[in-house]
Amino acid sequence: MTTTSIPRPEHRRHVKAAGTDPHARGIARGEQLRDGIPATIDAYDRLFALGSISPAQVREDAERALDAIGRFRPGTRAEIEGIAHGSGTEPWRIGALNARTEILARSATVPPGECTTIVRRITGDRGSAPRTFGVQTWDWHVELSARWHTSEVRGGRHDFVGITEDGILGKIGVNSAGLALHFNILGHVRDGIGGIPVHVLAAIVLEEAGSVAEAVEIVRGAPLASSGSFALFDETDAVLLDLSPVGVFSVQPEHDTLVRTNHFLTPAPAADEKTWLYQPDSGERHDFVRARLTRAEPPATLDELTGHLVTGDGEPPVTCLPDPDKPLGQRWASLATVALEPATRTARILDGTPADIGTRDWRVLDAG
């Protein structure tokens, strides 16, 4: 399988921001993304319009999201406003990017992306310590294939590295304390604006949490009005969270493995899931990966784990290629493959699908 149909920049941008002042960090980010953020805004404006979300509604939602962020973490709002300042953009515009998941929840015509995540926790034996590692595809609209970057953020409680989209604070990564976070989108009928956007919450967790327990505490303390999934793991522990407007629910590893696609795995939020957006695709991918893991020897390395995300013709699209015949809003692609290892504080990012492993180079980032 090849990914020639996915356009990719010749050199993927790496954005560094350091400093103890969040606003200054934001300015540094914005300055480096000054030429990329307008194109990102334009792409999302088209997706919002396709979902019949008016510009006035987008602005209102963005401003409500900024207010919610400011009440929960004033420094985080200051960092978003810094991105706006550094990029020469109105703050509500950067707020809309950070709340793009919540705003798009209003749409019935622009379904969310389809990502697949696997996390392994290997119990130590004969005196060896437990080990954890994880990998995921990040699948999103192919029109945004040039609008993401690798990132390195330093100066908060913990430094962190990973990937995110232009103008958005965070997504997938690992921090200097050895706390890793994989991210999938879920959908609940009550999803909307009024809480902390899930992408912003991911950045807060990576900056502030030194362990799985601390991360779970932060998430449970956050006002949520939308859905998502965080796979959280440190050097010894791992948990999968269903985030939703009706609460946060945890899933423990099954046979030391966590598998996540795009549906709830706990009954309370699943009762009002947007199944028409995610199924049967999410369930088929989830069952396929679980069955593949059951048949094989338990993966003992990141490379072995990543191989379980490679799929081809006739198999559920864990490796996701865009259909060029489909319209805007329905052309999904695996824009990146991300592998995280808490013990080494490293994120390995492949600017490609899992099927590209061996033909494209990993970029290795160290959170230190």
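Numbers below:
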| quantity | calculated |
| --- | --- |
| Normalised convex hull volume, the chain, alpha-carbon set, Å³ per residue | 121 |
| Scattering profile of segment 243-305 at q = 0.14, 0.16, 0.26 Å⁻¹ [log10 I(q)/I(0), Debye over alpha-carbon scatterers] | -0.50, -0.63, -1.17 |
| Accessible-area ranking of ARG260, ARG190, ARG290, largest first, probe 1.4 Å | ARG190, ARG290, ARG260 |
| Environment charge at VAL174 (Cβ cut-off 13 Å; Lys +1, Arg +1, Asp -1, Glu -1) | -4 |
| Net charge of neighbours whose Cβ lies under 11 Å from the Cβ of LEU328, counting Lys and Arg as +1 and Asp and Glu as -1 | +2 |
| Burial ranking of peptide ranges 38-46, 309-317 (average Cβ count within 10 Å, highest at the top) | 38-46, 309-317 |
| P(r) tail fraction, segment 1-84 - alpha-carbon pairs more than 15 Å apart, % | 70 |
| Overall Cα dimensions of segment 6-142 - principal axes, largest extent first, Å | 61, 40, 38 |
| Whole-number Å³ per residue for the convex hull built on Cα positions in segment 302-368 | 110 |
| Positive-end extreme of charge dipole, segment 1-110 - chosen from VAL110, PRO9, PRO55 (charges on Cβ) | PRO9 |
| Cα-based equivalent ellipsoid of segment 188-330: semi-axis lengths in Å, sorted from largest, via gyration tensor | 26, 22, 14 |
| Kirkwood hydrodynamic radius (C-alpha pairs) into Stokes-Einstein, segment 74-179, 37 °C and 0.692 mPa s, D in µm²/s | 200 |
| Most fluctuating residue given options ARG64, ARG292, ARG73, as computed from a GNM of the chain linking Cα atoms under 10 Å | ARG292 |
| Mean projected area (nm²) of the alpha-carbon convex hull when segment 292-335 is viewed from all directions | 4.1 |
| Positive minus negative residues near VAL219 (Lys, Arg vs Asp, Glu; Cβ under 14 Å) | -3 |
| Positive-end residue of PRO322, PRO298, GLY95, charge dipole of the chain with Cβ unit charges | GLY95 |
| Over segment 97-238: Kirkwood hydrodynamic radius from C-alpha pairwise inverse distances, Å | 15.8 |
| Relative packing of peptides 194-200, 248-254 - highest average C-beta neighbours within 10 Å first | 194-200, 248-254 |
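The values are calculated or read from the model by the stated rules, or taken from the named source; none is laboratory data. What you see is a predicted model; the values in this text were computed from it and never measured. Note that we place each Cβ from the backbone using ideal geometry, even for glycine, and neighbour counts take in every protein chain shown. All accessible areas refer to the heavy atoms of the entire protein, side chains included, with ligands and DNA or RNA removed. Shrake-Rupley method; radii C 1.70, N 1.55, O 1.52, S 1.80 Å.
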